[in-house]
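The values are calculated or read from the model by the stated rules, or taken from the named source; none is laboratory data. Since this is a predicted model, take the numbers as computed values, not measurements. Here the Cβ positions follow ideal geometry from the backbone for every residue, glycine too, while neighbour counts run over all protein chains shown.
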Amino acid sequence: MAPLSIIAGEIRQRWRPLLIWGVLFAALHQVAMFLALVLRFRDWPNYVTFYDWPGNVLHIIRSTPSVRDMIGIIREEWLIEIGRMNYDYGTGISEWSLNIMPSRLLVLCLLGAMVGLAFSLLRRNACAAPTRAGLKATTGLGAFMVALTNVTMSWVVCCATPTWVVGLAMLGLGTSTSLALERSGPLLSVMGFGLLTALILYLAWRKSRPAQQSKGVPAHA
Amino acid sequence: MKTFLKTTLTSTALVPLAFAAWAEEITIAIGHQSMCTDTYTAGIVVKELGLLEKYLPTDGEYADAEWNITWSDYSSGGPITNQMLANKLNIGVMGDYPLIVNGAKFQETDSLRSIYVAGTGYNLKGSGNAIVVPVESDIYSIDQLRGKSVSTPVGSAAWGMLLKAMQDNDMPAGEYVLKNQSPAVGAANIAAGKIDAHSDFCPWSEIMEFRGTGRKIYDGSEAGVPYLHGVVVREDFAEEYPEVVEAFLKAVIEAGDWIREDPMRAVTEMETWTGVEKEVLYLYFSEGGHLTLDPTIKTEWVDALKFDHGVLVREKAIPPLDFEAWITEDYIKAAYADMGLDYEADKAATIDPKEANAGLPAEIWHARDGVSTYETMPEFLAAVATMRGTGAKLNATYVYDSETGLKLFGKTAFWVKADEDYATFLRKGEAEDYAATHAGEVITFDAAIADFTSEG
């Protein structure tokens, strides 16, 4: 129980900085996606749409009998869509867009806070430089897995639905490979969170260890 | 007494207002695609002509109903399904592959279902999808795509056709590079010669041909799988307002009649609504056009959808789909019955372009005088030569592929001159074969016209 109480204590003491970590992480994620789209397509967005997210969520709650379905559908609701419309053909087609989804912002906020907590615990841990580097890399890997699977860019080639594999496709991964990976998104996200959780528990356990070892040893012998 | 009287009078006056306040507002939200020709009879035509309003019920429980009809335009079927799941759309119209994803996604949920209630149009052999190359390309057949880059909107009907076409031609995925490109990007890349080939759905291939940037090397009809579009409705909406679904399908039937009644008027109107050139739309909606407007649900369509589902399961691992539960003919049958039409007769009839278009005349669309028809190729070519000689503006010319019966732009067809007659083909290979067996030669459209241009 000692690691858990150390984590709880850390959160109690440092909840403000952790919240800032979370909010900043979520905001930077959106900025990174936006820049990725602009750089990849070499065009600025030419439209922005704001959605009535609270109203839409209420509508979904009222019209979806199953709570499980409700959560799945709300998860895909958009708050803001910013993208580029191509008017060369017909009445216009949205080529690409960044879709800001509150559900993903929440996930990214939690992820940012966890990364902040991991770094905070790491700072208070006395360990050798290679171990520290390994732990930092593990934090980075966990964060990367979650951040990657929470990409909300859409590209009309993928039938215009925002999916995390659009990020992979934009990076140049083959279409078939990207699509084959699409359904493994939730698993990768869970693995990323699992990795971060395990790391935080490990760091808290390490922090609790010297205190346990010193039990019964006179402080000033 | 005075107070009593006042109260009574006020109450009486308020009764109608109270009833008005109780009048139910029924929202009908429809998702359609103005850049997909095969959806027009359940989309843009119904919207612009106000046909749904015409058939909405006005009696019984609907006597006091207030209708709130909204139309949302999408560039593909995927977002329509997402909006239907969120109950922001009640009705969606889309092509075969997105339809299947729609049904499967709904059936994946615990509590929501969609139902496939009607078709909008079809091409029995699969025309509408096509593979296009840049007009100057030296690629003339699918075999020549080995080692080349081919783009397509993955997940669309054109993507499904491309996979089947490659399989039919013994070209495994490793022998060509598949790229994921939207219709607009693909069309732009074809125009700029940045991609070797692009596979797309209707009417993109024809837009590229009409604008002179692309040339078809493979038509969906070669895959032999029917290409169809249809209407899906949220099941809870259909159960609550069955009369509204029937009204929508009556509007779909009337939209088809309106187009058939005067294709020229229809395509001219549709061009203003959608931005798609009327000459391209004429290729679809005129007599002998690619699209057969027919809302019935045929057994062949169900088989085609099952085939498409198999492709999607293999390539995109989509969830299973119970076709029995998903497809229902009840609403379209009721709409037919109410309109005094014979559903079974329409269901039994299928149009094969090869048979139906045999002997149809070639056409010239004169910018000022409209469309004129010609029974023989020499007559047609002579007329084109004469009109060109006067400097008249010709919007388009139309001929038929001798092999498949498909309607083609005269300028994009491969022409064969044998003896004193002419035949037209979609593909160069078949034109060459015909020329070889008929002691003829493959010539260009301009060369054929030149035969009828008098000197001086």
* To do: Please find, among A:ARG75, A:ARG84, the residue that is surrounded by 14 or more Cβ atoms within 10 Å (Cβ to Cβ), basic (Lys, Arg) and more than 9 Å from chain B (Cβ to nearest Cβ).
  => A:ARG84
* Structure fact -> Within segment B:72-89, the residues that are more than 18 Å from the chain's Cα centre (by Cα) and farther than 15 Å from B:LEU99 by Cα are B:ALA86, B:ASN87, B:LYS88
* To do: Pull up segment B:95-139, narrow it to residues that are among the aliphatic types (A, V, I, L, M) and facing chain A (nearest Cβ under 10 Å), then point me to the one that is farthest from the chain's Cα centre (by Cα).
  => B:LEU112
* Some residue of segment B:47-63 being of a type in the set (Val, Ile, Thr), at pLDDT below 95 and not in a helix (DSSP H, G or I) -> yes
* Asked: Among the residues of segment B:361-394, how many are under 17 Å from B:GLY288 (Cβ atoms) and either part of a strand (DSSP E or B) or not assigned by TED's automatic domain parsing to the domain that holds B:LYS417 (or both)?
  -> 9
* Working only within segment A:12-28, note down all residues that are closer than 12 Å to A:LEU106 by Cα and either crowded, with 19+ Cβ neighbours inside 10 Å or hydroxyl-bearing (Ser, Thr, Tyr) (or both). => A:GLY22, A:PHE25, A:ALA26
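Considering A:ASP43, A:ASP88, A:ASP69, which residue is part of a helix (DSSP H, G or I) and over 25 Å from A:THR197 (Cβ atoms)? Break it down into steps so the answer makes sense when it comes.
Working: A:ASP43 fails: part of a helix (DSSP H, G or I); A:ASP88 fails: part of a helix (DSSP H, G or I).
Only one candidate passes the filter, namely A:ASP69.
Please pick out the residue among B:ILE351, B:ILE332 that is under 25 Å from B:TYR97 (Cβ atoms) and either among the charged types (D, E, K, R) or not in a loop (DSSP other than H, G, I, E, B) (or both).
Matching residue, one of B:ILE351, B:ILE332: B:ILE332.
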* Structure fact -> Contact list, first residue from segment B:148-165 and within 11 Å of chain A (Cβ to nearest Cβ) and surrounded by fewer than 24 Cβ atoms within 10 Å (Cβ to Cβ), second anywhere and in a helix (DSSP H, G or I) and modelled with pLDDT of 85 or more, beta-carbon distance below 7 Å, six or more apart or interchain, is B:VAL150/B:LEU162
* Any pair with Cβ under 7 angstrom, 6 or more apart, that starts in segment A:126-152 at a residue that is surrounded by 14 or more Cβ atoms within 10 Å (Cβ to Cβ) and ends at one that is assigned to a helix (DSSP H, G or I) and among the charged types (D, E, K, R) -> A:ASN150/A:ARG104; A:THR152/A:ARG104
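Which is within 19 Å of B:VAL185 (Cβ to Cβ) and crowded, with 21+ Cβ neighbours inside 10 Å, of A:LEU111, A:LEU98? Before the answer, list the steps.
Values: A:LEU111 fails: within 19 Å of B:VAL185 (Cβ to Cβ).
Of the residues listed, the single one that is within 19 Å of B:VAL185 (Cβ to Cβ) and crowded, with 21+ Cβ neighbours inside 10 Å is A:LEU98.
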* Pick from B:ALA255, B:ALA197: which is out of contact with any Asp or Glu (no Cβ under 9 Å at 6 or more places or on another chain), closer than 18 Å to B:VAL93 by Cα, small (Gly, Ala, Ser) and touching a residue at least 40 places away in the same chain (Cβ under 8 Å)? -> B:ALA255
* Working only within segment B:409-445, note down all residues that are exposed (fewer than 12 other Cβ atoms within 10 Å of the Cβ) and either modelled with pLDDT of 95 or more or not in a loop (DSSP other than H, G, I, E, B) (or both). => B:THR437
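Is one or more of the residues making up segment A:111-128 more than 14 Å from chain B (Cβ to nearest Cβ), part of a helix (DSSP H, G or I), of a type in the set (Ser, Thr, Tyr) and under 30 Å from A:ARG16 (Cα atoms)? Walk me through how you get there before you give the answer.
As a first pass, look at segment A:111-128 and keep what is more than 14 Å from chain B (Cβ to nearest Cβ): A:111-128.
If we keep only those that are part of a helix (DSSP H, G or I) as well, we get A:111-123.
Those still in the list that are of a type in the set (Ser, Thr, Tyr) too: A:120.
When the remaining residues are screened for being under 30 Å from A:ARG16 (Cα atoms), the result is A:120.
Yes.
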